[in-house]
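Chemist: Supplied in structure tokens, the structure appears directly below.
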Amino acid sequence: MDISPAATGSPPRPAPAPSPAPPPVTPPATPSEARAAFKESVGAGLGFVVVGLAFGALVPQSGLDWWWAGLSAALAFGGSFEFLLIGMVTAAAPLAVIALSAFMVNVRHVFYALSFPLHRISGRLGRTYSTFALCDEAYALSTGERARSWSGRRILWLQFFLHMYWAGSATAGALLGSLIPHSVTGLDFALTALFAVLALDAVRDLRGDLPTPALALLSALAARLLFPDEMLLAAFALFTAALLARHFTTSKKPSHA
């Protein structure tokens, strides 16, 4: 015979207390965009420092005041053009000649604009500075495989750090250039070595796309043979035309089900 708790007068058993909820999982802290951009800029920045020191040391040797190196590096930020600019300034070249020379030396930036991720950068001021601070190294780092997930803030910070590497090393070179011994060799090869490393990284990102490096090589060889005086501009133009022709050719091929 079953005896209910009410019949015996014993109180009912309390319901078990619910188990406490697990504490919320805190996501791992991610480094700030500035810190991440600084880490990415260090490799290219070392090349900037070496060449910037050489540029800064050349400024006072050419008869210009030391501060001219930092001012040129900060406002022009033209890299190889600034070496040419020293001679034109000391020779009092007309502004039209300086402007034309700047365009011819930096005309490759027109082709960079075709694939540089400027659309990720928000704000008119940010885009203006990013356009001004676009250089070979910033383009190579910002368009690689690893940079596809970068935000606009990281790209801006990367360009800012590269800009500071150049301006700071140029100023230091103008102030301390006389302390660099003339027997030191190889400084002029630093930027060439940097470009070689960046090119290897770009080829590594295109492991499954052998035609693209092949087109780049053929474009450079054709420009060297056909347009030796304007090899850089011709190579960029031929390479861009080849990429566009390949794109339109492959896009017109019918897809097979």
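The values are calculated or read from the model by the stated rules, or taken from the named source; none is laboratory data. None of the values given here were measured: they were computed from a predicted structure. As a convention, Cβ positions derive from the backbone with ideal geometry for all residues, glycine included, and neighbour counts pool all protein chains shown. SASA here: full protein model, heavy atoms, side chains in, ligands and nucleic acids out. Shrake-Rupley method; radii C 1.70, N 1.55, O 1.52, S 1.80 Å.
Chemist: Take ASP65 and decide whether it is charged (D, E, K, R) and open to solvent by less than 80 Å² (accessible area, probe 1.4 Å).
Modeler: Criteria not met by ASP65.
Chemist: Oh, and also: Pairs, please: C-beta under 8 Å, at least 6 apart or cross-chain, first residue part of a loop (DSSP other than H, G, I, E, B) and in the stretch 100-129, second at pLDDT 90 or above and open to solvent by 100 Å² or more (accessible area, probe 1.4 Å)?
Modeler: As it stands, the answer is ILE121/ARG127, since those pairs meet every condition given.
Chemist: State yes or no: is PHE81 buried (at least 17 other Cβ atoms within 10 Å of the Cβ) and modelled with pLDDT under 85?
Modeler: Considered against the rule, which asks whether it is buried (at least 17 other Cβ atoms within 10 Å of the Cβ) and modelled with pLDDT under 85, PHE81 comes out as yes.
Chemist: If ALA44 satisfies all but one of (1) open to solvent by less than 30 Å² (accessible area, probe 1.4 Å); (2) under 24 Å from TRP157 (Cβ atoms); (3) in contact with a Phe, Trp or Tyr (Cβ under 7 Å, 6 or more places away or on another chain), what's the number of the condition it fails?
Modeler: (3)
Chemist: Enumerate the pairs (first residue in the stretch 44-63 and more than 11 Å from ALA167 (Cα to Cα); second residue anywhere and open to solvent by 50 Å² or more (accessible area, probe 1.4 Å) and assigned to a loop (DSSP other than H, G, I, E, B)) with beta-carbon separation below 9 Å, excluding pairs fewer than 6 apart on the same chain, so at least 6 apart or on different chains.
Modeler: ALA54/ILE180; ALA57/ILE180; VAL59/ASP65; VAL59/TRP66; PRO60/TRP66
Chemist: I need the full set of residues from the stretch 84-121 which are farther than 30 Å from ALA241 by Cα and either open to solvent by less than 70 Å² (accessible area, probe 1.4 Å) or in contact with a helix residue (DSSP H, G or I) (Cβ under 6 Å, 6 or more places away or on another chain) (or both), in order please.
Modeler: Answer for the stretch 84-121, where residues must be farther than 30 Å from ALA241 by Cα and either open to solvent by less than 70 Å² (accessible area, probe 1.4 Å) or in contact with a helix residue (DSSP H, G or I) (Cβ under 6 Å, 6 or more places away or on another chain) (or both): LEU85, ILE86, GLY87, MET88, VAL89, ALA93.
Chemist: Inspect all residues belonging to the stretch 64-78 and state whether any of them is under 21 Å from the mean Cα position of the chain (by Cα), modelled with pLDDT of 55 or more and hydroxyl-bearing (Ser, Thr, Tyr).
Modeler: yes
Chemist: Ok, one more. Evaluate the following for PHE38: is it open to solvent by 80 Å² or more (accessible area, probe 1.4 Å), part of a helix (DSSP H, G or I) and touching a residue at least 60 places away in the same chain (Cβ under 8 Å)?
Modeler: When the stated conditions are applied, PHE38 passes them.
Chemist: Which of (1) surrounded by 13 or more Cβ atoms within 10 Å (Cβ to Cβ); (2) charged (D, E, K, R); (3) modelled with pLDDT under 75; (4) more than 23 Å from the chain's Cα centre (by Cα) is the odd one out, the single condition ASP205 does not satisfy?
Modeler: (4)
Chemist: Within the set of pairs 6+ apart or on separate chains, which have a first residue in the stretch 214-233 that is over 17 Å from VAL107 (Cα atoms) and part of a helix (DSSP H, G or I), a second that is open to solvent by less than 70 Å² (accessible area, probe 1.4 Å) and of a type in the set (S, T, N, Q), and C-beta atoms under 7 Å apart?
Modeler: Going by the 7 Å Cβ cut-off, there are no qualifying pairs.
Chemist: Filter the stretch 55-86 down to the residues that are touching a His at 6+ places or on another chain (Cβ under 8 Å) and outside any helix (DSSP H, G or I) and list them by number.
Modeler: PHE77
Chemist: A further question follows. Could you identify the single residue in GLY173, GLY152, GLY144 that is touching a Leu at 6+ places or on another chain (Cβ under 6 Å), of a type outside the set (Ser, Thr, Tyr) and open to solvent by less than 60 Å² (accessible area, probe 1.4 Å)?
Modeler: Criteria check complete, one pass: GLY173.
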